[in-house]
Amino acid sequence: AGGLHAYDLGNDNLHTQLKEQGDSDRAGSLLESFGTYLYVFNAEERNVYRYLRSDDELSDPIGWLVDKQDFVFDEIEDMAVDGDIWFTTQNGEVWRYTQGSRQEFAIQDLNTAFDSSLKIATHLESEYLYVLESSKNRLVVLRKDGTFFKEIVSEVLAGANTLAASKTEDVVYVISGSLVYRLSL
């Protein structure tokens, strides 16, 4: 949308363009923030670009991914940042990257393996990864070491397409159409 922009949610008229459109963000499909950084996933440019935000401007983009071996950009479905970057794929995989390099990560004790498109949410203070598999009507809660914690199965999750983890409670918000569901652990 013509670069990267910031909007003040408390003031409808306050809008700031942080960066004009460029190669790093033109085909960006996922955007996450962590601390003073913004991360833009760009499959076309085959990288995740990190920007440092200060006041109302951004630094030049830095290609964050170091290890691109076996990284299939077209299969990425979602990402979440908690210091590491967590990626999910269209075929049910969860990948963990630290400082741009892939880390060993295996899901353990999950009765039914993921095999379809996944959405993911987490944050720095959370010990959990929240993984939404809409095709199976479920939200799976994993510990960040990959061990299974909990599964919530409900028909209302069939149409869900977005989730967000609360930073103040053990709660996940899931959007399905025009409805927002609050799921407590």
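If we keep just the residues of segment 56-98 that are within 16 Å of the chain's Cα centre (by Cα) and open to solvent by 80 Å² or more (accessible area, probe 1.4 Å), which is farthest from Gln21 (Cα to Cα)?
Within segment 56-98, the match that is farthest from Gln21 (Cα to Cα) is Gln90.
Test of understanding: among Asp56, Asp25, Asp67, Asp8, which residue is touching a Leu at 6+ places or on another chain (Cβ under 7 Å) and within 29 Å of Glu93 (Cα to Cα)?
Values: Asp56 fails: within 29 Å of Glu93 (Cα to Cα); Asp67 fails: touching a Leu at 6+ places or on another chain (Cβ under 7 Å); Asp8 fails: within 29 Å of Glu93 (Cα to Cα).
Exactly one residue qualifies, and that residue is Asp25.
Could you grab me the full set of residues in segment 112-145 that are exposed (fewer than 14 other Cβ atoms within 10 Å of the Cβ) and farther than 23 Å from Tyr181 by Cβ?
Of everything in segment 112-145, those that are exposed (fewer than 14 other Cβ atoms within 10 Å of the Cβ) and farther than 23 Å from Tyr181 by Cβ turn out to be Ala113, Asp115, Leu124, Asp145.
Results for (1) among the aromatic types (Phe, Trp, Tyr); (2) touching a Ser or Thr at 6+ places or on another chain (Cβ under 7 Å), shown as yes or no for each residue.
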position: Ile107; (1), (2): no, no
position: Thr112; (1), (2): no, no
position: Leu124; (1), (2): no, no
position: Tyr128; (1), (2): yes, yes
position: Phe148; (1), (2): yes, no
position: Val153; (1), (2): no, no
position: Ser178; (1), (2): no, no
position: Tyr181; (1), (2): yes, no
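Give me the residue from segment 13-55 that is exposed (fewer than 14 other Cβ atoms within 10 Å of the Cβ), of a type in the set (Ser, Thr, Tyr) and assigned to a strand (DSSP E or B) and, out of that set, modelled with the highest pLDDT.
Among them, the one singled out is Ser33.
Is it the case, given these coordinates, that Ala158 is closer than 16 Å to Thr88 by Cβ and open to solvent by less than 60 Å² (accessible area, probe 1.4 Å)? Give the derivation first.
On the way: closer than 16 Å to Thr88 by Cβ: no; open to solvent by less than 60 Å² (accessible area, probe 1.4 Å): yes.
Taking the combined requirement at face value, the residue does not satisfy it.
Suppose we filter Ala106, Ala164 for residues that are small (Gly, Ala, Ser), within 29 Å of Ile62 (Cα to Cα), in a strand (DSSP E or B) and open to solvent by 10 Å² or more (accessible area, probe 1.4 Å); which single one remains? Spell out how you get there, then give the answer.
Details: Ala106 fails: in a strand (DSSP E or B).
Every option except Ala164 fails the conditions.
Here is a check on your reading of the model: is Tyr181 open to solvent by less than 40 Å² (accessible area, probe 1.4 Å), in a strand (DSSP E or B) and not hydrophobic (A, V, I, L, M, F, W, C)?
Details: open to solvent by less than 40 Å² (accessible area, probe 1.4 Å): no; in a strand (DSSP E or B): yes; not hydrophobic (A, V, I, L, M, F, W, C): yes.
Criteria not met by Tyr181.
The values are calculated or read from the model by the stated rules, or taken from the named source; none is laboratory data. From a predicted model like this one, the values you see are computed outputs, not experimental measurements. So basically every Cβ, Gly included, is an ideal-geometry build from the backbone, and we count neighbours across all protein chains shown. Heads up: the accessible areas ignore ligands, DNA and RNA and are worked out on the full protein's heavy atoms, side chains in. Shrake-Rupley method; radii C 1.70, N 1.55, O 1.52, S 1.80 Å.
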